[in-house]
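*Asks:* Here it is, the structure, as structure tokens.
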Amino acid sequence: MVTFYPIFVPSQGSVYTKLTINGTTFSDAFQINVEKTIGDSNATSNFTAEFDNYTGIHNNSFSLNDEVIIYADIGTNPPTTKLFTGIIEDIRFSGDSENEKVTIKGRDYGAVLIDMTVIPVIFKNQDAGLIARTIVQNNADDIVTVNNIDINTGTNIEKIGFNHKNIFESLKELAELSGYYFFVDNDKDVNFIEKGSNIVYRTFDNKCVYNADFRKEDREIYNKVWVYGDRILTGNSETFAADGTGSIFTLSDKPHNTRVTSHGVLQQVGGILDMNDPSTDPNLKYVVDFNERKVVFVSGTLAGDNIPASGTLPITIDYDRNVPVLKFRQDNDSITDYGPKTKIISDSSIKSYGEANIKALSFLAENKDPKVQGTINVKGIINVNPGDTYKVNLPWHGIDNQSYTILSSNYSFNKFNNLSCKVLTIEVNKKIVDFTDTLKEQILKTRSLEVGPLEGNFAVVKTATNELVVDTHFEVWAGSVGNSFIFHSPKHGILNSPDSLIGNGNLTQGAIGSFLVGSGGF
């Protein structure tokens, strides 16, 4: 989506804000902060509001999970532009009876998705956007809507499973694979949008920027990517010639589920070296040395001589070998410009080579070039959305009409900032990972490991209670018998008897049409 606007001209007048909690407006907050941020594949928002609590005026004003809406406009009072929608998650009282304040904090509905998980499910050969919409509909339809999820991303995922992974992390994974990002807007609707597609033709320059700080570094460049997925069992078969004396056959890989055929006859049973003894087991034909990759034919007084005799038919050993789902990708231009920089990604949820390939390509596209991040203080501007792309023209920083993505927009509303119209600070372009991002990633990974792999079958039982109204009535129905009858039939009874199909009347051929054949009540 492309939005056309003229160059930014700072608006005149003061900034006005309105804070509503469960539909009630509170006008005495002396400080309101709103932070909207975007990661590599998602955007979330949070808020903080502080109130004086003199004489306990706000002792019972707020409750956890109350819905919060914050409005802000320049020169319009009351404001109508919705800046934030979310819920209260923290209420804190501080100070003493003469100088007490209450602080409330919360997150938008996108961050709330971190606390909700996906019912175990596997998707095959579906578009990433369609999977995202299905996940939200099946697990969070009572909280958010899905009107702005693009179900035609062009990224077809061969196979992917989710086993109680939280919804936020599940959408993040799908967004990374497809080159999209997601967020929940102020109308509580999930947006799943292609990165860089929402271009706003406005420019941040010296007309609205009063301070800026930019940095560029290469510590997060990666141009050689190895993706390790789960390990899977694949079949393998090897043949050996028997000479009548050798009993040990060495395989290429460590064998699982071994099946041995000697001279066209399947050998049963097999055992494990040092666990099964041919002197006590008369049925033992061979043992497997797993770590040394060997199959050893046994002989003994009880088991007999099982060493294969020489002959024209080979010894065939069929087995499964455990191999990793592995994919490697590199960008030669980035290697030439910045030198080789390798990234190893290990994700046991990846079950196919196609999925590993998509993961490698998407990560490479995001990280093969240096990341630039800038902080800009602006005046006279409200409602800048993370994920949108703007022009930045700051010649004294060596930036000449370059396109940057908004990473975060931070609002600080108080009487001083509102009067000067300097409430907004933004960060632009590729985000440089800091300690907070690393800690968040580790927490999400830990939550994923708590569940384990998705295997087997399960059933979900849902119960409901409702009222059933029973309508009592009496029915009478008739049937046409025409001119054909069966007399003395056990089914229809005997003519002129109480059970007769045609009753106790006189039968005249061609004159009978319908007779009472049954009745009942409910």
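The values are calculated or read from the model by the stated rules, or taken from the named source; none is laboratory data. Computed from a predicted model, the values in this text were never measured in an experiment. Reconstructed Cβ throughout: ideal geometry from the backbone, glycine too, with neighbour counts over all protein chains shown.
Condition check ((1) more than 19 Å from Ser408 (Cβ to Cβ); (2) in a strand (DSSP E or B); (3) more than 35 Å from the chain's Cα centre (by Cα)) across all residues:
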position	(1), (2), (3)
Thr25	yes, yes, yes
Phe30	yes, yes, yes
Glu35	no, yes, no
Thr44	no, yes, no
Thr48	no, yes, no
Thr55	yes, no, yes
Ser61	yes, no, yes
Asn65	yes, no, no
Ile69	yes, yes, no
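*Asks:* Tell me the strands (runs of 3 or more DSSP E) entirely within the range 222-281 that contain at least 3 residues that are in the same structural domain as Glu292 (by TED's automatic domain parsing) and loosely packed, with under 15 Cβ neighbours inside 10 Å.
*Replies:* none
*Asks:* When you go through Gly86, Gly110, Gly56, Gly95 one by one, which is the residue that is closer than 21 Å to Asn139 by Cβ and without any contact (Cβ under 8 Å) to a residue 60 or more places away in the chain?
*Replies:* Details: Gly110 fails: without any contact (Cβ under 8 Å) to a residue 60 or more places away in the chain; Gly56 fails: closer than 21 Å to Asn139 by Cβ; Gly95 fails: closer than 21 Å to Asn139 by Cβ.
Unique residue meeting the criteria: Gly86.
Let's see how each residue does on (1) under 14 Å from Thr103 (Cα atoms); (2) surrounded by 13 or more Cβ atoms within 10 Å (Cβ to Cβ); (3) modelled with pLDDT of 90 or more:
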site	(1), (2), (3)
Thr20	no, yes, yes
Thr24	no, no, yes
Ser27	no, no, yes
Phe30	yes, no, yes
Ser41	no, yes, no
Thr44	no, yes, no
Ala49	yes, yes, yes
Thr55	no, no, no
Ser61	yes, yes, yes
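*Asks:* Got a sec? Which strands (runs of 3 or more DSSP E) wholly within the range 294-402 have at least 3 residues that are closer than 30 Å to Asn223 by Cα?
*Replies:* Here the list reads 315-330, 342-346, 371-378, 389-394.
Quick grid of which residues meet (1) of a type in the set (D, E, K, R); (2) closer than 30 Å to Lys18 by Cα:
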site: Ser94; (1), (2): no, yes
site: Thr103; (1), (2): no, yes
site: Thr117; (1), (2): no, no
site: Asp127; (1), (2): yes, no
site: Thr134; (1), (2): no, no
site: Asp142; (1), (2): yes, yes
site: Val146; (1), (2): no, yes
site: Ile151; (1), (2): no, no
site: Ile157; (1), (2): no, no
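*Asks:* Identify, from the list Asn42, Asn59, the residue that is in contact with a helix residue (DSSP H, G or I) (Cβ under 9 Å, 6 or more places away or on another chain) and not hydroxyl-bearing (Ser, Thr, Tyr).
*Replies:* Going through Asn42, Asn59 in turn, the sole match is Asn42.
*Asks:* So which residues in the range 319-348 are surrounded by 16 or more Cβ atoms within 10 Å (Cβ to Cβ) and either closer than 30 Å to Ser237 by Cβ or basic (Lys, Arg) (or both)? Write out each step before concluding.
*Replies:* Residues of the range 319-348 that are surrounded by 16 or more Cβ atoms within 10 Å (Cβ to Cβ), as a first pass: 319-321, 325, 327, 329-331, 334, 338, 341, 343, 345, 347.
Correct list: Tyr319, Asp320, Arg321, Val325, Lys327, Arg329, Lys341, Lys343.
*Asks:* With the checklist (1) closer than 22 Å to Val112 by Cβ; (2) without any contact (Cβ under 8 Å) to a residue 60 or more places away in the chain in hand, flag the one item Ile69 doesn't pass.
*Replies:* For Ile69, the failing item is (2).
*Asks:* Can you find a residue in the range 80-94 that is modelled with pLDDT under 90 and not small (Gly, Ala, Ser)?
*Replies:* no
*Asks:* Right, here's the next one. Can you tell me which condition Asp205 does not meet? The list is (1) closer than 24 Å to Ala365 by Cα; (2) over 35 Å from the mean Cα position of the chain (by Cα), and all the others hold.
*Replies:* It fails just one condition, (1).
*Asks:* How do the pairs read when you match residues in the range 216-240 that are more than 24 Å from Ser346 (Cβ to Cβ) and touching a residue at least 60 places away in the same chain (Cβ under 8 Å) with residues anywhere that are surrounded by 15 or more Cβ atoms within 10 Å (Cβ to Cβ) and hydroxyl-bearing (Ser, Thr, Tyr), using Cβ under 7 Å and keeping only pairs 6 or more apart or on different chains?
*Replies:* Asn236/Tyr319; Ser237/Thr316; Thr239/Thr316
*Asks:* Also: Suppose the filter is closer than 24 Å to Ile358 by Cβ, in contact (Cβ under 8 Å) with a residue 24 or more places away in the chain and touching an Asp or Glu at 6+ places or on another chain (Cβ under 6 Å); does Gly129 pass it?
*Replies:* So Gly129 passes the test.
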